[in-house]
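The values are calculated or read from the model by the stated rules, or taken from the named source; none is laboratory data. Everything quoted here is computed from the prediction, not taken from an experiment. Ideal geometry is used to build each Cβ from the backbone, glycine not excepted, and the neighbour counts take in all protein chains shown. Quick note on the areas: whole protein, heavy atoms, side chains included, nothing else; ligands and nucleic acids left out. Shrake-Rupley method; radii C 1.70, N 1.55, O 1.52, S 1.80 Å.
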Amino acid sequence: MRNHEYDLCNLPGDLFREILLRLPVKLLLQLKTVCRSWNSFISSHEFIMHHHQRSTQPRLVYCSLESEGLDIMHCSVSSLLYNQLQPTRIEPLHIKYKTIKGSCNGLLCLCEGFPYRTLTLFNPCTRSVSLNVPFEYPGGDYLQPVFCGLGYDALRDKYKFVTGSKSSTVAAGLYRYRAKVCTFDPNPSWKTVDHPMFPYFTSCYSGTFVSGTLNWMAHVPDKDDEWFILTFDLETESFGRLCLPRNNHTHTGSCYYAPSMQVLKNFLSMSFQPACDINTACTIWIMKEYGVEKSWTVLFTIPFGDAIFRSDIWLEPLYISEDEILLAYGKFHWSNLLVYNFRKGEVVHPMVEVEGSRDRSTICPLSTSVYEKYFHVYHESIVSCLP
């Protein structure tokens, strides 16, 4: 890019780009109106993706009945982690009667109604919204449970929504599995994809996106202690499976609850709550090289202590900062959120103030089911929902 395009700031192009990459979304949207060249540069695909990769503004979002009617609530993760002197403000996005079925690159995938009627992409930062897409159940029967997720196909520069289900029995002990993919482009369309032949049952309905794939926790039917990761490659549109890390803490038969899956520090992550270790509340693993099962590595261990009790129901990591401070969701004695500083070994239950809620001391999510991912952490981005 030529330097004369930046006469207003009189800076070299590379330095100008570096400054813009560090700015928050709200300010970038204002700068797009300065001139055509700035608008073109900030709107370019390369800049948008680089800005999202370097985003330092994580936000927590979830569905709730706290405000008037079902709405989507959001707040700053940084405030929850570092601002302990006053409550973190949680506000509604005023997106009524829709539920979150996936998140990717700062976009949320929303479903309306039940049975689900429409599918929509939404950017909470820019308020950009895609076209409504009629929802298609993979088995044609909305009474069958579905798992789903939103991911990004980098090869084709397309966002895809994947959903699958287990239909009614075909014969004794046998099931018919179905899956569909919706591609968001100028003419959104659904297609049926080949399903894995191996039997499984998924425990979390919202998939985790990492390294061009969607991932779900699954187990062999009628064998609750045989867990694995069901994967879907967005480019090849094919299913696969990965093994969990293996040691005494990760043997699912020796855990209080089903293992949970998330993305931490940009790695696929698993957390376990061992029942065999009276000193350990949770172990967190990361897969350092996606798809390589030998790369599973223990990231952190959370011990029981004065603020984490064995009577607490469960703990699910949501986010870990660069300075090793964890935000986790669970059912604790004091609240539904926990902040754990690994370097200091300190636990804090952050105070929150929910706009429109009578209870201003704790988060009251729509559901506390351990098997459903109602909470999502996304990074602010200027990614557009429009193809």
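Please determine whether any residue of region 222-240 is out of contact with any His (no Cβ under 7 Å at 6 or more places or on another chain), at pLDDT below 85, surrounded by fewer than 17 Cβ atoms within 10 Å (Cβ to Cβ) and of a type in the set (Lys, Arg).
Yes: region 222-240 contains one or more residues that are out of contact with any His (no Cβ under 7 Å at 6 or more places or on another chain), at pLDDT below 85, surrounded by fewer than 17 Cβ atoms within 10 Å (Cβ to Cβ) and of a type in the set (Lys, Arg).
Restricting attention to region 114-139, and to residues there that are in contact with a Phe, Trp or Tyr (Cβ under 7 Å, 6 or more places away or on another chain) and assigned to a strand (DSSP E or B), which single residue is farthest from Val61 (Cα to Cα)? Outline the logic, then answer.
First, the residues of region 114-139 that are in contact with a Phe, Trp or Tyr (Cβ under 7 Å, 6 or more places away or on another chain): 115-119, 121, 129-130, 135-136.
Still in the running and assigned to a strand (DSSP E or B): 118-119, 121, 129.
On the way: Thr118: 20, Leu119: 18, Leu121: 15, Val129: 17 Å.
Per the criteria, the residue is Thr118.
Does Cys63 satisfy the condition of being over 22 Å from Glu237 (Cα atoms) and of a type outside the set (D, E, K, R)?
Numbers: over 22 Å from Glu237 (Cα atoms): yes; of a type outside the set (D, E, K, R): yes.
Yes, satisfied.
Say whether the condition of being modelled with pLDDT under 90 and open to solvent by less than 40 Å² (accessible area, probe 1.4 Å) is met by at least one residue in region 76-87.
Going residue by residue through region 76-87, those that are modelled with pLDDT under 90 are 83-87.
So of that shortlist, the ones also open to solvent by less than 40 Å² (accessible area, probe 1.4 Å) come out as none.
No; the residues of region 76-87 include none that is modelled with pLDDT under 90 and open to solvent by less than 40 Å² (accessible area, probe 1.4 Å).
State yes or no: is Met217 farther than 26 Å from Val129 by Cβ, buried (at least 21 other Cβ atoms within 10 Å of the Cβ) and either at pLDDT below 95 or touching a Pro at 6+ places or on another chain (Cβ under 9 Å) (or both)? Quick ask: steps written out before the conclusion?
Details: farther than 26 Å from Val129 by Cβ: yes; buried (at least 21 other Cβ atoms within 10 Å of the Cβ): yes; either at pLDDT below 95 or touching a Pro at 6+ places or on another chain (Cβ under 9 Å) (or both): yes.
In short, yes.
Give the residue that is least open to solvent (accessible area, probe 1.4 Å), with candidates limited to residues of region 241-259 that are over 20 Å from Phe300 (Cβ atoms) and modelled with pLDDT of 90 or more. Steps first, answer last, please.
First, pick out the residues of region 241-259 that are over 20 Å from Phe300 (Cβ atoms): 241-243, 253.
The next check asks that each one be modelled with pLDDT of 90 or more; those that pass are 241-243.
Values: Arg241: 118, Leu242: 17, Cys243: 47 Å².
Only one residue fits best here, namely Leu242.
Look at Ser357 and say whether it is touching a strand residue (DSSP E or B) at 6+ places or on another chain (Cβ under 9 Å), open to solvent by less than 20 Å² (accessible area, probe 1.4 Å) and modelled with pLDDT of 85 or more.
no
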